[in-house]
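Here the structure is laid out as structure tokens; the discussion comes afterwards.
The values are calculated or read from the model by the stated rules, or taken from the named source; none is laboratory data. This structure is a prediction, so every number in the text was calculated from the model and none was measured. Cβ: placed from backbone, ideal geometry, glycine included. Neighbour counts: every protein chain shown. Only protein heavy atoms, including side chains, enter the accessible area calculation; ligands, DNA and RNA are left aside. Shrake-Rupley method; radii C 1.70, N 1.55, O 1.52, S 1.80 Å.
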Amino acid sequence: MQSNSLTNDHPDIVVVGAGNAALCAAISAHEHGAQVLMLEAAPAEERGGNSHFTGGAFRFAYRGVEDLTAVLPSLANEDLSNVDFGTYTEEQFFDDMFEITEYRTDSELCEILVRNSLETAKWVARQGVKLQPGLGRQAYQVDGKFKFWGGLALHIWGGGPELLQALYAKAERCGINILYETPALALVRDRGRVVGVKAEIRGEPVELHADAVILACGSFESNPEMRARYLGPGWDLAKIRGTRFNMGAGLTMALAEGARPHGNWSGCHSVAWDVNAPPYGDLAIGDQFQKHNYPFGLLINARGERYVDEGANFHSHTYAKYGGAIMRLPGMFAWQVFDAKASPLLRSEYRIRRVTKAEAGTLEELAPKLSGVDPQAFLRTVREFNAACRTDIAFNPNLLDGRHTEGLAINKTNWANPLDTPPFHAYHVTTGVTFAFGGLKISTSGEVEDLYGRVIPGLYAAGEMVGGLFFHNYASGTGLMSGATFGRLAGRSAAQWVKLRHSAA
């Protein structure tokens with residue numbers, strides 16, 4: 001049951017938020033016997049937070065096709081003779097988390113994430129969420145065979161919209177009530193315990209009582225004041241990839257009650273985003289303003305120079321920090337430049353109608369079309385790059401192929417193809433923020449801790465509100481898995497807390 005009116009029921013648990021993490025928390029709590037009420041600040045047509053905007057990458061550990069088939073049974077009926085899924089073991093998952101966070105990830109939370117990832121994937125599939133092999137996004141066809149790279153064998157079919165549709169349908173079957181246009185404002189405490197929330201329903205204040213509260217209402221990335229305060233000067237000018245409703249309210253109300261901040265509060269997940277995209281995410285476009293295939297081209301700043309190693313790793317391991325690099329450039333923009341050889345490798349996001357693109361038959365014709373860029377410096381950069389490419393090394397988009405440049409101030413480590421085949425095309429990008437890495441400290445049971453390491457009784461957190469997992473960078477697909485894993489954990493733990501409260505009453 002999903003409505004905008006209060007019922008006479010007194011919920012055991014109030015879940016604040018209505019995206020992937022919140023829905024998983026609510027469904028998990030119901031699964032363990034609790035009656036749940038969800039609060040969503042957005043109207044019904046904008047519900048779901050950032051989850052609506054995800055492309056559906058879903059990172060979990062697997063040892064081979066057998067594990068993938070356990071998540072997606074229909075895979076057993078497919079002809080997989082031309083597909084190499086490889087492995088993505090727990091050890092590989094840990095290695096990725098350690099590498100991208102420079103070994104700063106919270107060891108206890110990281111262990112929960114990695115060790116539970118396969119079971120979480122199975123659980124999510126049981127809720128009615130459909131998955132499919134990520135062909136074309138995480139595997140290219142080379143010599144007639146698809147080879148997966150980056151640990152993302154399965155994606156959510158239909159991305160965020162279909163994920164949410166499945167989870168909302170499950171919540172409705174569970175009889176979980178959702179109040180829309182009902183932002184939570186503050187926590188209610190009684191003798192130290194959290195016993196509900198103060199909320200607002202169409203301008204009217206209301207106090208909702210429950211035995212436990214799960215905060216799963218996202219980060220503060222939609223709030224320009226908080227971006228400038230925590231991420232630093234200039235970040236208030238960044239565009240937002242997702243929902244306009246993640247204003248940091250959950251974090252603010254928890255911190256007001258003495259919750260412990262945790263993680264990389266000056267860091268965030270940010271990507272290359274179309275320069276003319278709107279200030280917040282467009283529900284009709286979803287994630288298609290992103291531009292992730294830069295490893296197969298050049299990244300050029302206003303001075304006409306390259307500013308990072310485009311081929312340092314697969315985009316899955318660099319895209320979430322390279323968006324932040326754009327913020328430090330003159331004018332806060334860059335151009336991604338490709339030639340015709342790269343065209344077959346580019347994803348659908350490069351072919352949408354609302355794309356800011358320049359194209360020409362020669363580099364000399366392209367240069368003045370790159371708005372804001374020094375054209376002569378750009379041509380010099382390309383000539384030097386082309387001459388530095390080790391074309392004697394085979395190009396392979398499925399591997400860290402070692403096809404590199406030599407002698408440049410910033411060498412390209414992999415996929416260094418000369419830009420020499422017309423037509424040439426370029427895409428104008430700025431920074432798009434997904435979510436901030438700073439959040440709350442939670443226990444291994446999903447309980448929110450206070451400033452001194454004690455749990456706040458009755459308060460739980462999940463999703464982007466959990467701090468300590470990500471520092472500096474992020475590997476694609478980890479957010480959906482984290483939201484589902486810690487949502488499921490928070491729901492189960494909160495339901496157990498409710499049972500203890502009832503048995504003691």
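Rolling a 1.4 Å probe over the heavy atoms of the protein chains gives the chain an accessible area of 38 Å² per residue. Think of segment 1-133 as having a plus end and a minus end, set by charges on the Cβ of Lys, Arg, Asp and Glu; of LEU39, VAL114, ASN82, LEU39 sits farthest toward the positive end of this dipole.
Antiparallel beta bridges, as assigned by DSSP with both residues in the chain, represent about 70 percent of the total such bridges. The length gained by stretching the chain between THR421 and ASP401 to full extension, at 0.36 nm per residue less their Cα-Cα distance, is 5.1 nm. Here the scattering of segment 28-84 is modelled by Debye summation over its C-alpha atoms, one equal scatterer each and no solvent; at q = 0.22, 0.24, 0.28 Å⁻¹ the log10 of I(q)/I(0) is -0.96, -1.01, -1.11. Remark: spin-label model distance ASP282-LYS341 equals 3.3 nm, labels positioned 7 Å along the Cα→Cβ axis. With N counted as the residues of segment 414-471, its alpha-carbon radius of gyration over 2.2 N^0.38 Å works out to 2.09. Considering only PRO418, LEU451, THR431, the residue lying farthest towards the positive end of the dipole of segment 383-505 is LEU451, judged by Cα position with unit charges set on Cβ.
Applied to segment 462-475, the Karplus parametrisation 6.51 cos²θ - 1.76 cosθ + 1.60 on θ = phi - 60° returns per-residue 3J(HN,Hα) values of 8, x, 5, 7, 7, x, x, 7, 10, 9, 6, 7, 6, 9 Hz, with x for Gly and Pro.
Less than 5 angstrom separates the built amide H of VAL15 from those of LEU37, MET38, LEU39, ILE214, all sequence-distant by 5 or more or on a different chain. For the chain, the ratio of Cα radius of gyration to the globular rule of thumb 2.2 N^0.38 Å stands at 0.99.
Sequence-ordered 3J(HN,Hα) estimates for segment 89-103 from the Karplus curve with 6.51, -1.76 and 1.60 and θ = phi - 60° stand at 6, 4, 5, 5, 4, 4, 4, 5, 5, 5, 5, 6, 9, 6, 6 Hz, glycine and proline given as x. Helix 159-173 and the longest principal axis of the C-alpha atoms of the chain enclose an angle of approximately 10°. Projecting the Cα atoms of LEU489, SER503, ALA461 onto the charge dipole of segment 445-505 (Cβ charges, centred on the Cα centre) puts SER503 farthest toward the positive pole. For the chain, carbon and sulfur atoms together expose 50% of the accessible surface, with a 1.4 angstrom probe and every protein chain in place. Counting only DSSP H runs of at least 4 residues, each contributing -39500 (n - 2.57), and dividing by the residue count of the chain, the helix-based mean residue ellipticity at 222 nm comes to -8000 deg cm²/dmol. Relative to the dominant Cα principal axis of the chain, helix 375-388 is inclined by about 80°.
Assuming a ≥ b ≥ c are the square roots of the Cα gyration tensor eigenvalues, decide whether segment 160-250 counts as rounded (a/c under 1.5), prolate (otherwise, with a/b larger than b/c) or oblate. Oblate. Couplings 3J(HN,Hα) for segment 58-67, derived from phi with the Karplus relation 6.51 cos²θ - 1.76 cosθ + 1.60 (θ = phi - 60°), are 9, 8, 8, 6, 8, 9, x, 4, 4, 5 Hz, where x marks Gly and Pro. Charges were assigned to the Cβ only: +1 to each Lys and Arg, -1 to each Asp and Glu. The resulting dipole of segment 31-81 about its Cα centre is roughly 180 debye.
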